[in-house]
Each structure stands twice: as structure tokens, then as C-alpha cells.
């Protein structure tokens, strides 16, 4: 047994005190290490840099502790139990690490719990202690760690079968609010931290059918979830967005504007739809990543990168199903779903990098490119989330049309669940790198190996208009925003108009402008975002615009010959009179009777309760 205690010792200094007791340390000298990254976020983060002090004792005596590398220590050989005590600085308000102040405490195990090297399969106990002081007397604990002996506020002892489980149950401590609901035979709770006045009853009413749809997708016979209890740990901030999946919970960060208010219209607006989509995305991961996962992730090596070319399958497919589950459950209408899908298409088509990098390459390079983006990233990479979702859409539409609705991507996921997910805790397998084409063939009888190779390994745009046509969904393009283009993306920094990206082959790049340049004048007039848009809106391709800009502290002048207009955003809409076959395909895809699909411009009222 390995015992831990964690104590929010000094909230105002953002310090956790942690102790670790190893009953049977390595007789040659026990090594301990802190994770360098957290599963689900593919970037080396070096959490050990936040350890402020550390020491070791055995038998009442200090033990020499040698640091071996940036996140590993070795204690001198001792005969009896070894205890380590250390402090962790926690000031990362994100879903990935740890945060502590006078308002709440939050931590992922990867940020605070050292691992006993060589004893990763040993069972663990964790005691969570409250901070001292009357101002914290109302703080409570929210976590899916199994409780052994806790008080009414949740403080006390918890357990985990091994270190993997220990770090897969984040913990929120504070004066949070919550709402509960049942779905998939499991208890669910939305735990909300931060100032807000949201209609949490509406959140529960909308999430319950979404969660049921997830469970029914993988277990159509009864829709049983692979856990007994699930938590949506939600941090509310002024501006923020993000989520991270865990085996029986998720950590979310969202803006106040994304939560519903009392009296809000039945149809979810864009902000609330984004929150529901985020919750749906991370919930889907409980099946698709936490249990069905790439073989490379069957056992995590948290000291170094673990590469896979399959993130387009796991994150991309999840990004496809997150909003699809919203429309299938009735949380959003068909038109809202088609708008969200068109937005995803637009985000992919705007990036020149899609013509240089495939989603399989993007998956492999997540560690060094996708998670470490710079000013040139739109020119060099493609998102395995966004384009991966479109590849999932293409596979799903192809299968449905080819089999007249008898088979779909749903069948492929169910087969993967049966093979690698349902018994994952016992078998610890995972999807091999090249398994997807064979899985599709086995689940549906359709050989898509050539198409999958082309769509996932290639860089050409997907034939989405052709694939949507049998469903009577029409893909069109909005008119260009302006008749010409500068070929840049700008950002306001300290009141200055700064070039964030100069797109490859664009007018600005050809003229010599670069990312980071601060535009101070346009045709001799003081620059502003409004002036830039107005100037381009009155121009035509090949018109000349004089741009004055600072590069570092040097003033430069550029003559920009404007380029052709940027394509308008994609738009999706239902055909006015879809045929019977198209209505059946549409109903099977979106999970709603085609007769109930609203016409363009209409919204779908949702029955709540």
C-alpha cells in the first residue's frame, strides 16, 4: 500500500502540502517521479517544476534524496517505510494541472502525486484534508475517487487500485453548487465552481438525454454506462473554454455567458450550444479514449511523449459525435447542427496548412506542432480535431448511403467498444495503428480502405458536397466578405493593430509583411481594424495599398497589391423537397424523424422535463 495525504496548506500562497508513505521501498534505493504530461493533453508540461520543497524521512530520520533528472528523485536505501514530504505551487487555472486560492482548490493527480517507480500497480490510499481557518468551514470535496472513510463534507480517506487510477480522478474543493440527474444507469452530477447565476436545472434537463444517447450508442441493448457515478467538474470564469476527460469525470472550464439563464428560450443559443458540445465531447471520451484507445496509450508512459497517428480517429471522431449527440437528443435543432457543422468546415478550409499536412501526420506531431502553435501554424498544420471530425462525417455519410441506412459509423464504434473497450480494465489492449479500414469492413461489410487512406493520409479536400447530396443536405458558399483580400489575420495588442498570421501566398506576405509587424498607417492614415476593413471593402484585386508598420523598433513601408477575395463561409441547408429515401437517410443520421426536421431558418422546439 502507498499512502498519500494532501492538504491545501496555504491558499493565499497557492501551496499544497503533500506526503507520500511507501510501505516497502526498493532496498536499492526507491525512485519517485512526477508525471511530465497528463493523458488527454499531448504536450510535455514538466509538472515537477512546481515542486517547491521536498524531503524524505525513514524511522524518524532524514534520508538523503538525490535528484536524477527534471522529474525523478532517488532516496537512499532504507529498510522500513519511506516517507516523502513536499510542497506544490498551484496557480494554473486550467483543466490540466492544479489551482489553489482563497476561493477553491482543484488538482489533477498528475500534478501533485509522485509515483513510486516500480510500484505503479500497488494500491493507493489518499487522505484529503481541509484547509485551516473559519473562512474555509463550508468547503466540500467533489471527486469520483472511491471513498473509504470521509466526513459529511467529503474530507477523509479515499482509495485507488493503482497509480493509474489515482491520477484519473480530479478533485474540486470549495463552495461549489451542483445538480444531479440519472442517465445510462448511473448517477451524474454537474459541479459548478465560480460566480454564476445559471439555471442548473436546465443544464441537467439538457445533459440527461445527451448522456443517454452516448450510452445507447455503445450499448444499444440497454444503454448502460461503464461507471456508476460521473461528475462534470465545471469552473466558471469570465472568458475561457476547455475540457479534459477522465474515466468517470471531466474537468471543464467555461465562460459565464455559455451557461443558460432562467427564462432562456428553449432552443440553445450558440454560447450554450458550445458548452453542451464541450460537455458532450468530454463525456464521449469516457468510452472513446479512456477505454477504447490507441494501442500506444494502453499503458501510459508519463515521462516522455507517446506518439500515435490515430488522434484523428479518437479526438476527431469525438469532435464529430459531440454535436451529433446534441441533435439526436433534441438539445439543439437540425438547423443549429448544420450551422455548427458548416462552421467546422469553414475552420478547416481557412487554413492553408490543410494542403501540407494530413490528419494522420497532425496526430503524430501533436506534441511538437498542434500543442505548440505559433504565428505560422495556420500555414503549416491542420487540426486533427476539426478535419478529423470531417473525415468521420465523410465515413459516416458514405456508409449510410452505400448501405441505404443499414450500416454507419455507429456500428464501427460499437465493434471497437466490444473489442477493446468493454473489458479494457482486464485486458488492457488498444486499437492498432492500421486497424481502422479492417474494422470498418468487419462492422459494415464495406471496404473503405482506399477512401480512408486518401482522406486521413492525404491533403486534398474532402468531397463533402457529394457525400451530403443523398441526404438532401445542400452545401453552398456565402458571398465573400470583401471584394479583395490582404491575406492576414490581425490581433489587437495593447491598442495596436498587429499581424497575427501572414497567410502563405497572400498579398501581405508577397509584399514582405510578416507576423508580429505592427501596422501603424494605411495609405497615410492612422491604422485601425475598422480602417483596414473599410479600405479592403472598397478595393478590387490588384489595387495597391500602402502599409506602414513597425518591425521590432524599425519603421517600414510596404506596397501591398491586394489579392482575390477570400471564399465565403460554407453554408448547409436542407433541400426544399427531399425525397423519401433522403428523409430516411437523414432521420437515421440525425436520429430524428425527417418529418420533424425544420425548414431553413426555423428552429426546433425541444420538449423538456
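Here are a few things to note about the model shown:
- Residue that is surrounded by the fewest Cβ atoms within 10 Å (Cβ to Cβ) [pool: residues in the range 187-206 that are within 20 Å of residue 285 (Cα to Cα) and in contact with a strand residue (DSSP E or B) (Cβ under 7 Å, 6 or more places away or on another chain)]: 187
- Within the range 46-79, the set of residues being over 11 Å from residue 34 (Cβ atoms), assigned to a loop (DSSP other than H, G, I, E, B) and touching a residue at least 40 places away in the same chain (Cβ under 8 Å) comprises 76, 77, 78, 79.
- Sole exception among (1) surrounded by fewer than 23 Cβ atoms within 10 Å (Cβ to Cβ); (2) in contact with a strand residue (DSSP E or B) (Cβ under 7 Å, 6 or more places away or on another chain); (3) in a loop (DSSP other than H, G, I, E, B) for residue 266, by number: (2)
- Test for residue 217: is it buried (at least 19 other Cβ atoms within 10 Å of the Cβ), assigned to a loop (DSSP other than H, G, I, E, B) and in contact (Cβ under 8 Å) with a residue 24 or more places away in the chain: no
- Checklist (1) in a loop (DSSP other than H, G, I, E, B); (2) in the same structural domain as residue 391 (by TED's automatic domain parsing) applied to residue 505, failing item: (2)
- Selection of the range 149-186 for residues being in a strand (DSSP E or B) and either exposed (fewer than 15 other Cβ atoms within 10 Å of the Cβ) or touching a helix residue (DSSP H, G or I) at 6+ places or on another chain (Cβ under 7 Å) (or both) yields 149, 160, 177, 179, 180, 181, 182, 183.
- Unmet criterion (only one of (1) buried (at least 16 other Cβ atoms within 10 Å of the Cβ); (2) in contact (Cβ under 8 Å) with a residue 60 or more places away in the chain) for residue 432: (1)
- Scope the range 95-130; condition closer than 17 Å to residue 301 by Cα and surrounded by fewer than 19 Cβ atoms within 10 Å (Cβ to Cβ); matching residues: 117, 118, 120, 121, 122
Residues are listed down the side, and each one gets a yes or a no for (1) within 15 Å of residue 193 (Cα to Cα); (2) buried (at least 24 other Cβ atoms within 10 Å of the Cβ); (3) assigned by TED's automatic domain parsing to the domain that holds residue 191:
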{"position": "234", "(1), (2), (3)": "yes, yes, yes"}
{"position": "239", "(1), (2), (3)": "yes, no, yes"}
{"position": "247", "(1), (2), (3)": "no, no, yes"}
{"position": "255", "(1), (2), (3)": "yes, no, yes"}
{"position": "283", "(1), (2), (3)": "no, yes, no"}
{"position": "298", "(1), (2), (3)": "no, no, no"}
{"position": "312", "(1), (2), (3)": "no, yes, no"}
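- Residue check for residue 6: in the same structural domain as residue 88 (by TED's automatic domain parsing), part of a strand (DSSP E or B) and touching a helix residue (DSSP H, G or I) at 6+ places or on another chain (Cβ under 8 Å): yes
- Given (1) within 19 Å of residue 216 (Cβ to Cβ); (2) in a helix (DSSP H, G or I); (3) free of Cβ contacts under 8 Å to residues at least 24 places away in the same chain, number of the condition residue 369 does not satisfy: (1)
- If you check 457, 474, 496 for being surrounded by fewer than 18 Cβ atoms within 10 Å (Cβ to Cβ), in contact (Cβ under 8 Å) with a residue 40 or more places away in the chain and in contact with a strand residue (DSSP E or B) (Cβ under 7 Å, 6 or more places away or on another chain), only one passes: 474.
- Residue in the range 289-305 that is closer than 29 Å to residue 465 by Cα and in a helix (DSSP H, G or I) present: no
- Candidates in the range 511-541 are the residues that are within 37 Å of the chain's Cα centre (by Cα), touching a residue at least 24 places away in the same chain (Cβ under 8 Å) and assigned to a helix (DSSP H, G or I); of these, the one that is surrounded by the most Cβ atoms within 10 Å (Cβ to Cβ) is 536.
- Residue 421 falls short on exactly one of the conditions (1) loosely packed, with under 14 Cβ neighbours inside 10 Å; (2) in the same structural domain as residue 591 (by TED's automatic domain parsing); (3) touching a residue at least 24 places away in the same chain (Cβ under 8 Å), and that condition is (1).
- Residues (outside any loop (DSSP other than H, G, I, E, B) and in contact with a helix residue (DSSP H, G or I) (Cβ under 6 Å, 6 or more places away or on another chain)) located in the range 483-496: 488
The values are calculated or read from the model by the stated rules, or taken from the named source; none is laboratory data. Since we're looking at a predicted model, the values are computed, not measured. Note that we place each Cβ from the backbone using ideal geometry, even for glycine, and neighbour counts take in every protein chain shown.
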